Amino acid sequence: MDRKRSGHIISRGLEYAITFFLILAINFFLPRVMPGGPLLSITGSQGSDLPVVIDEEMKYKLMDYYHLNDPLHIQFIHYISDAFHFDLGHSIFYNVPVVDILIGRLPWTILLMGTALLLSTTFGIMTGLESAWRRGGKLDHALLVIMPFFRSIPAFFLGAIMIFVFGYKTGWFPTSGAITPYMDYAGPIDHAMDILSHLTLPMLCLTAFEMPGTYLLVRNVCVQQLGKPYVLMAESRGLKERTIKKHILINSIVPVINQIAAMLGFMVAGAVFIETVFSYPGMGMLVYNSFIERDYPVLQGAFIFMSLVVLACNYAADIACSFIDGRAGQE
Amino acid sequence: MHEITVVQRLKSPKGISGLAILCSFIFIAIAAPFLTSYSPDDISSRPLLEPNSEHLLGTDDVGRDIFSNLLYGARTSLAVALIVSSGVLIIGTLAGVFSGYTGGNLDRVMMRGVDIFLMIPDLPLILILAAYLRPSLWNIIFILIVMGWPVGARITRAQTRTLRVSGHVDFARISGAGNWYVIKRHIVPDLYPIMITTIVMQSIRAILSESGLAFLGLGDPSYPSWGTMIKYAISYPLVFFTDAWMWWLMPAGVCITLLVLSFVLVGQALEGDK
Amino acid sequence: MKLSEISISLFISLLLVSTVLFVPASASGDDSSQERVFTASWGTSSTADWGFPSPLTFYPRGPGYIMTSYCFDTLVWPEGSGEFTGLLAESWESSDDGLEWTFHLREGVNWHDGEPFTADDVVFTMDYIKGKASISPIGSSWYNTGVINSVEALDDHTVVITLNYPYAPFMQQVAAVIPIMPEHIWENVEDPSKYMEDEAAIGTGPFILEDYDTDQQSYKYTANKNYFLGEPIIDTLIYVKTSDVVISLKTGEVDESGLTLDQVQALDESDNMEVISGPGYWVYRLRFNIPSNTILNDTTVRQAIYYSMNCSDIESRVLHGGGIEGNPGYVPPYSSWYNPDVAQYEYDIDTANQMLDDAGYSETNSDGVRLDAEGNPLEFQLLYSSDQQSQRIAELVQTYLKEIGIGITLKPGDTKTVDGLVGAGNFDLAIYSHGTSTDPARMLNSFPTSTGWNNSEYMALAEEQMSTMDEDKRKELVDEMQVLVADNVPTIPIMYRNVYSATSKDTVTGFFYTDGGVGGGVPTEYNKLVFIYGTWNGDNDDTAEGTTESSVAGIRILGSVAILACAFVLIRHGKR
């Protein structure tokens, strides 16, 4: 059994590694076939406010500086070997190593996505379980209407409404950024409060974006469990509701964890919209901005980083599940 | 047999309300030219008018009738939903049935490929693709199909696997039926419910993605889109400081929400919720 | 086991732990109530990050230069009127042939680190930037070192710059642009384009860089109390990124920002704002692919297109009055170089149709689109970047051209794609928007590259005006150039955007738009002289208060949500 599990973990790990390599490859080739190219973002637009007088020699030097005049396969080898040294290149727009930018943005995205994930999972499981338990009841009906409704609101529209209501009309929360720049804090609590208040709106928005999915998932899985003999037996033996729920939850946790991990990529999309709407300085806004600026290295780096995090979470979920439930390793 | 259950399921309150909303949007899309006298790109009116009898929802920043843009926006959304979901359905079903029916290593490799697709955070990749192909409605549809078919393939494949080992399929095979015959007569009909679910799910995805890309400025300007309307409404600085948000921002957002909601309700009804 | 309760408490504690992680170990509790803090924002632009403010690392656009100009001084600097005042140079003179410029430097100026500033630094800077231009993209785009032949220090406080040829806009484009860098810091720097240590921002300017944060897209400067023109009127200057600048101005998150006219209208009396406006020197124009498109190569067709467009109507729909319609001579009417006596193209569909008929495009197909001699429809692709204004203009141009039987397919792209396609000559028509710059040297001489129109008569005039030192003579030449532009319609200037700025009256007053722009033509309210000669009206730091209050309110909401959730769980449990 144990050997089987470790074999499963290793083979899954290999599969993830291959996946990651393919993502690296996609990521490398896609931006390079776009018109425009990074050179233009350095030199600015022709005929713009300060036309760059750039001659062939200078162009060559700039291309050389960014490795752009090597043949494609050499670029690719450079790229892969650099990627494994955590060298994702040098940002054209920000003029610093890409990894530095990503590391600067990462905590904010982790804070935003992490809290939203926790909140949506917690409430998703609570409501899903409750809804499944009382299926057909008033609460279930209400939730089955409310949740799909939230799921139907586009994230950017919800964000705009939130900015309007909570940012402007009531003035309860700041509407942009992650902290008040250069504020003098009375103490760490004050500082934490500042971060929290900036976090609240985007976090609620992302939670509302993510929770309906979790809720429906948990409800479906739990409804299936409810029909199983062990539940009927437990009920007939008069076990407490809480105890039965606990068992249902434990038995449903594997698909729930797996599905939540699989939905992470979807959540990244939500984060891109929400961070853009709220100007939250995380990876999502970075992706959007560097896309606008055609900052290849950053765009590539952010995409790799996001994919890596999503894959790692999925792998972690796999491992966790194979420990929770031995059967998962056998399929 | 299955068709009947589908109809029965749709007769639930959710199914009926979902279908009602959906049908009214389809009606709006088809009847748009009769419901408004303005073409969506008619700019003869004064910009930033408040709602009046001429313009039910006023005009936008360049003098377009917001109401007619809203109506024609339904066309764009529904067309994208229809084409993307059929595209995903066809490719996904073919790939899924093929993979699931063949089984073995090929199945394994294909499903790995599908898993890879499913795990890639799709929006960053869509951004890159959309930029590469430049914003046009057909490119967006193409991207959404490319990014969406694995989902369809995966569900279809799972169902095919189940059917493949189920009694009647085995029986047919033992009786000497060819693969094509089995697939056509015994597997595909059993996939109908899943196909409808795929259409519903992909329509939701297509509508939300199209409006999202339009909101990010990657939409096709030749077609009126609700996402573009929201984008312009929000970037008009006075939208929140006057009442303009009520007739410019909200209708477009509410339309997206309602249309998506109608598909969600239909989807839930199909899954057997009441 | 109360699973849900456990998960709630787990969540709340994790939330608190995660926020505490972001708190630096030493949070300062200084009393800062008497500090004069001024917070500004770059307003509507998509990014507020303009790069590290050193002369070789800022992002090569106007705002990037401005951020650098706070730390670094040039030899001379424009006042509001556009006249030059001395910064590092106290006085200057040029030889009669315009080739030799002598600058007498200010004495007693120190770098931020206390080292004295001397003529050697000027010589070093000029040579260094000239030598390093190839590495840094900024070097080539901002500093016109190409005209400089040699730079010599006669003594510690006298510098002579010799030019390769007479260059009329030398003061505006070179002496007032190149920031002087300290030799003792930069002499050993290997790769200046990656040099972003604290020392890299040491200059002689009125502000000292305290922090630059690329993630938050913010800058913080403190006043240089020993600034040679006098102590700045504020202690701290902050630039932040904001998603909705109007809301930020209203809530006091920022004290000042550049705005569009629409945004200005969102402000009212109660906001207590001082609004100024100025010429934007920012043009939206229709660009033709003159070299490759044989139809558009025909001047008559371009003139007909000009006649078919109602530019003032486009302005009123896109900018809603926040700009002025374009001038066929390209130079905006508020410029001192403007020539009103050029050909005009008043909106006139009949004339336009007549011209196209005469040019041989009288046949139309069933869609009403004109046909050329071979029977192909007169259809063009219109390329534009997908920002709101350009998109709106493109849609309007499409509508207008439809009236004269020219079909337009809209081709949007992001700025870089548009630049890429235009650069490759792969387009028919394009909407372009950019600063016009203020001096004819840049405004008009770039026409062969910026429009694709190559006219030998025009280029001869361009060459001549560049090296003409006599202002009146030069104006005549520039006037002639505008006549040629208007006659040939190499591009259609649709409109010029104005710039607006709003400042909270409780902070700094005295903002102005510099005639001719700063840094060689950036139209901005951020001329650093405002922080020397302006007035401070506030008494203490009012930026922090508003947000502290809102954050407290926010926490209350969050707290009540958590309490409600707990109550929900308890009630559910109580029911059993």
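The values are calculated or read from the model by the stated rules, or taken from the named source; none is laboratory data. These numbers come from a predicted model, not from an experiment. Neighbour counts run over all protein chains shown; Cβ positions are idealised from the backbone, glycine included. Note: accessible area is taken over every heavy atom of the protein model, side chains too, but ligands, DNA and RNA are not part of it. Shrake-Rupley method; radii C 1.70, N 1.55, O 1.52, S 1.80 Å.
Can you give the average number of partner chain beta-carbon atoms within 10 Å of each beta-carbon in peptide A:143-153, as a whole number?
Details: counts 0, 5, 5, 0, 2, 10, 6, 2, 6, 13, 7.
Taking all residues of A:143-153 together, the mean is 5.
Which value, in square angstrom to the nearest 100, describes the accessible area buried between chains B and C on both sides, using a 1.4 angstrom probe? Walk me through the numbers on the way to the answer.
Working: alone 14370 and 25870 Å², together 38140 Å².
The B and C chains share an interface burying roughly 2100 Å².
So if I take the centroid of the Cα atoms in the range C:291-343 and the same for the range B:161-203, what is the distance between those two points in Å?
Cα centres, the range C:291-343 to the range B:161-203: 66 Å.
Please give the per residue accessible area of the range C:123-226, computed with a probe of 1.4 Å over protein heavy atoms only, in Å². Walk me through the intermediate numbers first.
Values: 3570 Å² over 104 residues.
Heavy-atom accessible area per residue stands at 34 Å².
Quick one: compute the contact order of chain B, relative version, from alpha carbon pairs under 8 angstrom and 6+ residues apart, as a percent. Provide the component values of the computation, followed by the final result.
Working: 382 pairs, mean separation 80.3, N = 274.
Relative contact order of chain B: 29 percent.
Residue separation times 0.36 nm, minus the C-alpha to C-alpha distance between C:Ala343 and C:Thr158: what's the value?
Once the chain is fully extended between C:Ala343 and C:Thr158, it gains 61.7 nm.
Which whole-angstrom value gives the distance between the alpha carbon centres of the range C:233-274 and the range C:91-132?
Between the Cα centre of the range C:233-274 and that of the range C:91-132, the gap is 38 Å.
Can you pull the mean other chain C-beta count within 10 Å for peptide B:239-250? Spell out each step's value before the answer.
On the way: counts 4, 11, 10, 2, 0, 0, 3, 0, 0, 0, 4, 3.
Going residue by residue through B:239-250 and averaging, the value is 3.
May I ask you to order C:150-163, C:492-505, B:77-90 by the average number of other C-beta atoms within 10 Å around their residues, highest value first?
Details: C:150-163: 16.8, C:492-505: 23.4, B:77-90: 21.3.
Put in order of decreasing packing, that is C:492-505, B:77-90, C:150-163.
Which entries of C:Lys130/C:Lys528; A:Lys169/C:Lys241; C:Lys194/C:Lys241; C:Lys220/C:Lys241; A:Lys138/B:Lys14 show an alpha-carbon separation above 19 angstrom in the structure shown?
Values: C:Lys130/C:Lys528 26 Å; A:Lys169/C:Lys241 21 Å; C:Lys194/C:Lys241 24 Å; C:Lys220/C:Lys241 12 Å; A:Lys138/B:Lys14 15 Å.
The answer is C:Lys130/C:Lys528; A:Lys169/C:Lys241; C:Lys194/C:Lys241.
When all alpha-carbon pairs of the range A:206-331 are counted, what percent fall beyond 19 Å? Could the numbers behind the result be given before it?
Numbers: 4855 of 7875 pairs.
The share of Cα pairs beyond 19 Å in the range A:206-331 comes to 62 percent.
Checking an interface number: how much accessible area is buried between C and A, summed over both chains, with a 1.4 Å probe, in Å² rounded to 100?
Working: alone 25870 and 18870 Å², together 37400 Å².
When C and A are taken together, about 7300 Å² of accessible area is lost.
Please work out the C-alpha center-to-center distance from the range C:142-174 to the range A:202-278 and express it in whole Å.
Each part reduced to its Cα centre gives a spacing of 71 Å.
Shape of the range C:64-127 from its Cα gyration tensor (a ≥ b ≥ c, root eigenvalues): rounded if a/c is under 1.5, otherwise prolate when a/b > b/c, or oblate?
Working: a/c = 1.76, a/b = 1.22, b/c = 1.44.
It is oblate, given that a/c is not under 1.5 and a/b is not larger than b/c.
Select from the range B:42-72 all residues whose loss of accessible area on going from the chain by itself to the full protein assembly reaches 40 Å² or more (probe 1.4 Å).
Residues losing area: B:Ile43, B:Asp61, B:Val62, B:Arg64.
Could you report the range C:40-83's accessible area per residue, 1.4 Å probe, as an integer in Å²?
18
Can you pull out the buried accessible area for chains B and A, both sides counted, probe 1.4 Å, rounded to the nearest 100 Å²? Can you show the working numbers first?
Details: alone 14370 and 18870 Å², together 29220 Å².
Protein heavy atoms only, the B-A interface buries about 4000 Å².
Averaged across A:301-307, how many Cβ atoms of other chains sit within 10 Å of each residue's Cβ atom?
On the way: counts 0, 2, 6, 1, 2, 5, 6.
Mean inter-chain Cβ contacts per residue within 10 Å come to 3.
State the percentage of accessible surface on the protein assembly as shown attributable to carbon and sulfur atoms; use a 1.4 Å probe and exclude ligands, DNA and RNA. Let's see the in-between values first.
Details: 26530 of 45750 Å².
Using a 1.4 Å probe with all protein chains present, the protein assembly as shown comes out at 58 percent carbon and sulfur.
Could you tell me which of rounded, prolate or oblate describes the range C:183-320, using a ≥ b ≥ c as the square roots of the eigenvalues of the alpha-carbon gyration tensor, with rounded for a/c under 1.5 and, failing that, prolate when a/b is larger than b/c and oblate otherwise? Intermediate results must be reported in sequence, preceding the final value.
Working: a/c = 2.97, a/b = 1.50, b/c = 1.98.
Taking the square roots of the gyration eigenvalues as a ≥ b ≥ c, the range C:183-320 is oblate.
Would you calculate, for chain B, the mean residue ellipticity at 222 nm contributed by helices, counting each DSSP H stretch of 4 or more residues as -39,500 (n - 2.57) and dividing by all residues, to the nearest 500?
Taken over chain B, the calculation gives -24000 deg cm²/dmol.
Distance in nm between label sites at A:Ala262 and C:Ser456, each 7 Å beyond Cα in the beta-carbon direction?
About 7.2 nm separates the two model spin labels.
What length, rounded to one decimal in nm, is gained on full extension from C:Glu93 through to C:Asp271, with 0.36 nm per residue of separation minus their alpha-carbon distance?
59.3 nm
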